[in-house]
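A.B. asks: Please find one structure pasted underneath; my questions will follow.
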């Protein structure tokens, strides 16, 4: 993983990692400590790598990654439901690690590679986790679904043969009010058998 | 009206099916066979908008972005009760990003008093959410604090601060679960609303056994993952509103009335809808605010609530206190049921405990007195199974207690007092699935190691009226290229009605469900039903089937010349129109469509009456003759040292008439069970009595069941045919939510031999009940 400067919000981002996936709480805590520069309040230029594309944009320093993805970049598949890292709806990958994008400032992402639900399976083919979510009806209202899929797919990147408990642990930072958890576990285990 | 006689399947599939003759309108589709004989209905068809949901492509209200769109924020009261002396918005108006400022509270008028923390005071529309929030923060409000009261018990006291006076108190509850109107107001207490049959007081005096208990349920919040949201686009030629709503058509009517617009100039649209559970049934204050801001700013305005606003001012399930007495004879038959309830929906009405005690069991003598208590707290509204969730919590525990007192098996007691043949079957199936025979006497299942864990099994039942919206229409179109469209303003809030509509129409036209395009959630289309009261499928599927059947008649007439037989001798099957007598002689449906004189043929149908009539009618809504219900069994492990209850397994046996998509029904039942479990064990809206503020207005301290708490859930859905409509389908959402909490409570009693009558059953409450920790004393919530 690339080294990024540690700011207070990036440290909070590390907390978000723990929320999104208990088994992957390594992201920011290992970054080296450097005094943060000060920005704002006016928009500042940044570059982001999102779904394999480099984009240049201007954001207010207070903009979270979730707000930036949804607003400036129009990637509205990432949802904001609690906006404080408690529900997992905003989960994206940062350098392949599932994180809550609502607790990371866009200016703190640096050179990290961001993957959103739109980038999970570019080219129209569904990722096996997405296909399994449809097949097993692991979707009701669907608002928690993109985040849930990002955590489930992240687990499959790292675990060869996950158990039901592994799946429950990987999605334990997500809240689904419709109660899709049983079908999400079923779908993720089924997807693990047909991994990409 | 022209009618004809037709024979319909009746009974429970796999148990006993016969036929019943009904008189049906001549323009309705012929009787539908049981699911086993159908091609598409009753099959686990994958969710139609599943792909759009798993790719993030589906557009929710929160995702709508319009050119020139402004962003709104609401300034909310920090005080639980205050008179507003003045609002100074000059600094907000001077903010460079601000385009409109709205005073929601007007000093010196009735709206100038705020009655709960989080009540809207003013609102701002600006070029960004951040600018709107900054500007809202610059509005200066001069509050005169008033005394307030936040708990049910305190508010009932004679000297309690008054939330309302006679003039300002709401009399009915237009925004949520209907509350009886015209009831007296004494202090903060409105009511009682009374129901009675026989003489319960007299019968209780003579009953052989009386169980008498007091029960409390907490305030639960809806916690829809998608917050309440609206994008209002006011233009000279009309208003378009994108809204996360359970009822596009109803919101359209509300807007037309509130803003004096003709219906034809108001359009309400929703595509993806991120959950409502009752809280998104009407336009709401926030909806009116966004529209007023759009009108003032002459630009589209987006208002999406933040989570703390959701928790404080977007509805909740009212908290309740009940005293329930049941008198029984030695043989278990019920002599009398008496219930007194006090509930609080904060500043709103609708905190009744429903009709389960009145309607579930055979009992000649019944009385109820239900009261609404006003408190300085956010308004309650309907929430999944309103009334019957707290009502069932008490009733089904009391029946369990009665069985224990009578030394009867709780299932045997219900066999005696429950007249429903459907629930009898559900009890039998569920008992077998859960292994009811493994059940120990209360507190006796200590496990082989003699450790602190006790296990138990419990059962409870649910009851819910089979609601139907008679004003529910749907249009089916067949285009010249053979493509098929179903359109209605009905909305898919996650229950899957999109898929259900495709299945119903595909079955009629002999197509695959993927070949049907479903466009809904838009009031440009015929007016569909709301998605509340478990009525959507019951209301819209007969209309869809009848519309498709009418269109099919045109196609059959078109094909009859080529196939050289009468239309009545033709059938639509496998994408073709075929002769019944010579199935090999057939034409593809798209070739028949190609011969149409016009670009399309279409038919609109609306929901007719149930063939046996309705029990009751209330405007556009009606209540079917039969009820819906279900029986749920729970198995729990209770750690008697920590007090933690773990639900290990739930078996849910439900009925919803004809099940149309068993996969989606299973999803919805699992959701009902999980919401019920979450209510039983975790959720609690906590208000600070010193300030009236909610101390857990978020999703980390307001605890909702997560993936690790989810038990194994077995879902069994009966096919219960009654021959009452063109699809015979009814609802599932609410009946699946009602029995879970009391089933868990009864399982906890079976595990530890002590009954917990207050929800949620927290570890502290369990330890107190076991005498292992000091009793928490009087609970401050609700």
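A.B. asks: Kindly work out what percent of the DSSP beta bridges joining two residues of the protein assembly as shown are antiparallel, to the nearest 5.
C.D. replies: Details: 137 of 167 bridges.
Beta bridges within the protein assembly as shown, antiparallel portion: roughly 80 percent.
A.B. asks: Continuing with the same structure: So if I take the alpha carbon set of the stretch B:471-608, get Rg, then get Rh from the Kirkwood formula, what is the Rg over Rh ratio? Write down the numbers at each step before the final one.
C.D. replies: Working: Rg = 15.1 Å, Rh = 15.0 Å.
Checking Rg against Rh, the ratio lands at 1.01.
A.B. asks: Between the stretch B:53-86 and the stretch B:477-532, how many Å separate their Cα centres?
C.D. replies: Taking the Cα centre of each part, the stretch B:53-86 and the stretch B:477-532 sit 30 Å apart.
A.B. asks: Here's a follow-up. Just to be sure I understand: of the beta bridges DSSP finds with both ends in chain B, what percent are antiparallel, rounded to 5?
C.D. replies: Values: 123 of 151 bridges.
Of all bridge pairs located within chain B, approximately 80 percent are antiparallel.
A.B. asks: I need B:298, B:330, B:47 ordered by Cβ neighbour count within 10 Å, fewest first.
C.D. replies: On the way: B:298 13, B:330 9, B:47 26.
Taking fewest neighbouring Cβ atoms as first place, the list is B:330, B:298, B:47.
A.B. asks: In which sequence would A:73, B:66, B:552 go, from the one with the fewest C-beta neighbours within 10 Å to the one with the most? Walk me through the numbers before you get to the answer.
C.D. replies: Values: A:73 19, B:66 15, B:552 25.
Ranking A:73, B:66, B:552 by Cβ neighbours within 10 Å, fewest first, gives B:66, A:73, B:552.
A.B. asks: Report, largest value first, the span of the C-alpha coordinates of the stretch B:16-157 along each principal axis, in whole Å.
C.D. replies: 71, 52, 31
A.B. asks: Separate question: Quickly work out the residue B:596-to-residue B:514 label distance, labels modelled 7 Å from Cα along the C-beta direction, and quote it in nm with one decimal.
C.D. replies: In this crude spin-label approximation the distance works out to 2.3 nm.
A.B. asks: So what's the gap between the Cα centers of the stretch B:695-764 and the stretch A:81-145, to the nearest angstrom?
C.D. replies: First find each Cα centre; the distance between them is then 29 Å.
A.B. asks: Further question on the same structure: For the modelled label position 7 Å from the Cα of residue B:432 along Cα-to-Cβ, which residues of the stretch B:1-42 have backbone nitrogen atoms closer than 13 Å?
C.D. replies: B:14-16, by backbone N distance to the label point.
A.B. asks: Equivalent ellipsoid semi-axes for the stretch B:636-763, as square roots of 5 times the alpha carbon gyration tensor eigenvalues: give them largest first, rounded to whole Å.
C.D. replies: Working: eigenvalues 200, 71, 32 Å².
Here the semi-axes work out to 32, 19, 13 Å.
A.B. asks: Just rank B:234, B:464, fewest to most, by other beta-carbon atoms within 10 angstrom. Could you put the intermediate results ahead of the total?
C.D. replies: Numbers: B:234 22, B:464 28.
So the ranking, lowest neighbour count to highest, is B:234, B:464.
A.B. asks: A follow-up question, please. Find the relative contact order for chain B and round it to a whole percent, using C-alpha pairs within less than 8 Å whose residues are 6+ positions apart.
C.D. replies: Details: 2047 pairs, mean separation 125.5, N = 782.
Computed over chain B, the figure is 16 percent.
A.B. asks: Quick check on the stretch B:128-269: of the DSSP beta bridges with both residues there, what percent are antiparallel, nearest 5%?
C.D. replies: That works out to approximately 65 percent antiparallel.
A.B. asks: Can you check what the Kirkwood hydrodynamic radius comes to for chain B, Cα pairs only, in Å to one decimal? Intermediate results must be reported in sequence, preceding the final value.
C.D. replies: On the way: mean 1/r = 0.0360 Å⁻¹.
Hydrodynamic radius (Kirkwood, Cα only) of chain B equals 27.8 Å.
A.B. asks: Another question, then. Convex hull volume of the Cα atoms in the stretch A:128-192, per residue, in Å³? Before the final figure, lay out the partial values.
C.D. replies: Details: hull volume 4.2 nm³, N = 65.
Roughly 65 Å³ of hull volume per residue.
A.B. asks: Taking 25 Å as R0, compute the FRET efficiency from the Cβ-Cβ separation of residue B:110 and residue B:257 and round it to 0.05.
C.D. replies: Details: r = 19 Å, r/R0 = 0.77.
Calculated transfer efficiency: 0.85.
A.B. asks: For the protein assembly as shown, what does the helix formula give at 222 nm: sum of -39500 (n - 2.57) over DSSP H segments with n ≥ 4, over the residue count, nearest 500 deg cm²/dmol? Please list the in-between numbers first.
C.D. replies: Numbers: 25 runs with 258 residues, N = 978.
Helix contribution divided over all residues of the protein assembly as shown: -8000 deg cm²/dmol.
A.B. asks: Let me ask something else. Suppose R0 equals 41 Å; then what is the FRET efficiency for residue A:165 and residue B:323 from their Cβ-Cβ distance, rounded to the nearest 0.05?
C.D. replies: 0.40
A.B. asks: When every alpha-carbon pair in the protein assembly as shown is counted, what percent end up more than 59 Å apart?
C.D. replies: Working: 39517 of 477753 pairs.
Tail fraction, whole percent: 8.
A.B. asks: Specify the inter-centroid distance of the stretch B:356-378 and the stretch B:545-601, based on alpha-carbon positions, in whole Å.
C.D. replies: Distance between centres, Cα-based: 55 Å.
A.B. asks: Follow-up question, since we're still on this one. For the pair residue B:581 and residue B:17, what calculated FRET efficiency results from E = 1/(1 + (r/R0)^6), where r is the Cβ-Cβ distance and R0 = 30 Å, to the nearest 0.05?
C.D. replies: 0.60
Every read-out reported here was derived from the displayed coordinates using simple, explicitly stated rules and does not represent laboratory data. This one's a predicted model, so the numbers in the text were calculated from it and none came from an experiment. Using ideal geometry, Cβ is built from the backbone for each residue, glycine included, and neighbour counts are taken over all protein chains shown.
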